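**Q** Before anything else, here's the structure in question.
The values are calculated or read from the model by the stated rules, or taken from the named source; none is laboratory data. Note that the coordinates shown come from a computational prediction; the quantities given were computed from them, not determined experimentally. Quick reminder, even Gly has a Cβ in these numbers, built from the backbone with ideal geometry, and neighbours come from all protein chains shown.
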Amino acid sequence: MSHLLVDALLRIGGVGDMSLPKSAGSFVRVALGLVLVALSLPVTLCGQIALYFATRRAFPGLKNTAFKIVAVRAELSRMGLRADPLSEALLRSLPWASPLVCRAAFGYLQLISAFGIRWHKYPLAGADLHNVPWRDVVALRTQLIDATLRESDATQLVILGAGFDTRALLPLSSMARRFEVDFPPTQAAKRAAVAAAGIDQDGAVTFVAVDFNKDSWLDKLVEAGFDPKQKAVFVWEGVTYYLTPEAVSSTVRLIAQCCSGTTVVLDYFTQELVRAELFPFISRALRAAGEPLLFGLGEAADDDAQRAWTEEHGLELKKHLPGGSKGARWGGVLSATVA
Ligand SMILES: C[S@@+](CC[C@H](N)C(=O)[O-])C[C@H]1O[C@@H](n2cnc3c(N)ncnc32)[C@H](O)[C@@H]1O
């Protein structure tokens, strides 16, 4: 039922143009949309609970936050803002849960994304993404990551903490060798979902299972065929803040050992957000969900910390898109290169 509500919401004329309700007509549309969101809530809650237990049974230890991001990317695709049909396909058919449970579980996320994306007109297409608010967090990092892949002449792509990211399977880059490195249960679930969705990987991606907090991931990556002497792009989206500061530092230092021109693109939160001084509901909700925020980069008032941090780790900062207003940063996304 939830997906029917989503479709209904998207079809209510003009949802796509929802800025703030200016006329009586748009006010009615927004009000109707909110009613649909409210109506879908019980269905979604049941779906999320059923999916949580089905997933826990099939893949104990899986990081559930991975679902949230792919749901936003699926919605971006559905709305024609960024082509990613594979994200949409993945969420339709998680093989360890019934299609009904998937529909119910993701319906609400879709509604929220639909509202957020349409309401705020996600600034994806070449928009100026400096000082963006929290609501555009996924737009901010998607913009820089996709651009980095498109513009790179590297021959290897490594997605660290890949979750349900489909970039390794999308025609975003010309990189011949593609690797996904992830926590074993999340990776096992992703592989099962990709197979069940009938997505043909045709050996395009090499999967490497690691725990960043424990394993030497570069050794495992090299064993799997990665060549540190060939230029690579490392994508590290939505992961740093879940790791210990030591694990983040050692990962970046390992990247700095790869050949000149190798690039990492990563997003981070500031210390204030990690310490729950900024948007406390975010860090509290994540802690309650068993994925506490551990690593923060720089203070909310310090715009120089990111350059100093990358240099300290042996990299040169290339691009930095900070999020939030000056003096009150919640985080950002940066790319840095081995000199
Ligand atoms: C929020 S998801 C982001 C997924 C993906 N990068 C994306 O943008 O869709 C966090 C990812 O980090 C991975 N992760 C978290 N802690 C990890 C750890 N200790 N070792 C390896 N991967 C980890 C999870 O398995 C999950 O895939």
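**Q** Sort through Gly80, Gly14 and tell me the only one that's in contact with a Lys or Arg (Cβ under 7 Å, 6 or more places away or on another chain), modelled with pLDDT under 85 and on the phi > 0 side of the Ramachandran plot. Steps first, answer last, please.
**A** Values: Gly80 fails: in contact with a Lys or Arg (Cβ under 7 Å, 6 or more places away or on another chain).
Answer to the check: Gly14.
**Q** Given the conditions (1) assigned to a loop (DSSP other than H, G, I, E, B); (2) touching a residue at least 40 places away in the same chain (Cβ under 8 Å); (3) more than 8 Å from the ligand (Cβ to nearest atom), report the number of the one that Phe164 does not fulfil.
**A** Of (1) assigned to a loop (DSSP other than H, G, I, E, B); (2) touching a residue at least 40 places away in the same chain (Cβ under 8 Å); (3) more than 8 Å from the ligand (Cβ to nearest atom), only one is false for Phe164: (3).
**Q** Continuing with the same structure: Scan the range 255-263 and give yes if some residue there is modelled with pLDDT under 95 and either within 11 Å of the ligand (Cβ to nearest atom) or surrounded by fewer than 19 Cβ atoms within 10 Å (Cβ to Cβ) (or both), otherwise no.
**A** From the range 255-263, those modelled with pLDDT under 95 are none; that's our starting set.
Within the range 255-263 (the criterion being modelled with pLDDT under 95 and either within 11 Å of the ligand (Cβ to nearest atom) or surrounded by fewer than 19 Cβ atoms within 10 Å (Cβ to Cβ) (or both)), the answer is no, since none of the residues qualifies.
**Q** Please identify the pairs in which a residue from the range 48-59 that is among the hydroxyl-bearing types (Ser, Thr, Tyr) has its Cβ atom under 8 Å from the Cβ atom of a residue that is in a helix (DSSP H, G or I), counting only partners at least 6 apart or on another chain.
**A** As it stands, the answer is Thr55/Ala189, since those pairs meet every condition given.
**Q** Something else now. Tell me, which residue of the range 307-339 that is of a type in the set (Val, Ile, Thr) and in a strand (DSSP E or B) is modelled with the lowest pLDDT? Step through it out loud before you land on a result.
**A** In the first step, residues of the range 307-339 are kept if they are of a type in the set (Val, Ile, Thr); the result is 310, 333, 337-338.
Within this subset, residues satisfying the condition of being in a strand (DSSP E or B) are 333, 337.
Numbers: Val333: 94, Thr337: 98.
Ranking the candidates gives Val333 first.
**Q** Follow-up question, since we're still on this one. So, in the range 147-161, how many residues would count as being modelled with pLDDT under 95 and within 12 Å of the ligand (Cβ to nearest atom)?
**A** 0
**Q** Mind checking which residues of the range 212-241 are more than 13 Å from the ligand (Cβ to nearest atom), in contact (Cβ under 8 Å) with a residue 40 or more places away in the chain and part of a loop (DSSP other than H, G, I, E, B)?
**A** Correct list: Ala224, Gly225, Phe226, Asp227, Gln230, Lys231.
**Q** Would you check if Ala139 is within 15 Å of the ligand (Cβ to nearest atom), in contact with a Phe, Trp or Tyr (Cβ under 6 Å, 6 or more places away or on another chain), assigned by TED's automatic domain parsing to the domain that holds Lys231 and at pLDDT below 85?
**A** Values: within 15 Å of the ligand (Cβ to nearest atom): yes; in contact with a Phe, Trp or Tyr (Cβ under 6 Å, 6 or more places away or on another chain): yes; assigned by TED's automatic domain parsing to the domain that holds Lys231: yes; at pLDDT below 85: yes.
Against the criterion (within 15 Å of the ligand (Cβ to nearest atom), in contact with a Phe, Trp or Tyr (Cβ under 6 Å, 6 or more places away or on another chain), assigned by TED's automatic domain parsing to the domain that holds Lys231 and at pLDDT below 85), Ala139 qualifies.
**Q** Does the range 47-65 hold any residues that are over 21 Å from the mean Cα position of the chain (by Cα) and buried (at least 17 other Cβ atoms within 10 Å of the Cβ), and which are they?
**A** Result: Gly47, Ala50, Ala54.
**Q** OK, next. If I filter the range 171-196 down to residues being more than 19 Å from Ser216 (Cα to Cα) and surrounded by fewer than 17 Cβ atoms within 10 Å (Cβ to Cβ), which single residue comes out as nearest to the ligand (Cβ to nearest atom)?
**A** That would be Arg191.
**Q** Report whether or not Glu291 is more than 22 Å from the chain's Cα centre (by Cα) and either in a loop (DSSP other than H, G, I, E, B) or not assigned by TED's automatic domain parsing to the domain that holds Thr142 (or both).
**A** Values: more than 22 Å from the chain's Cα centre (by Cα): no; either in a loop (DSSP other than H, G, I, E, B) or not assigned by TED's automatic domain parsing to the domain that holds Thr142 (or both): yes.
No; evaluated as a whole, the condition is false for this residue.
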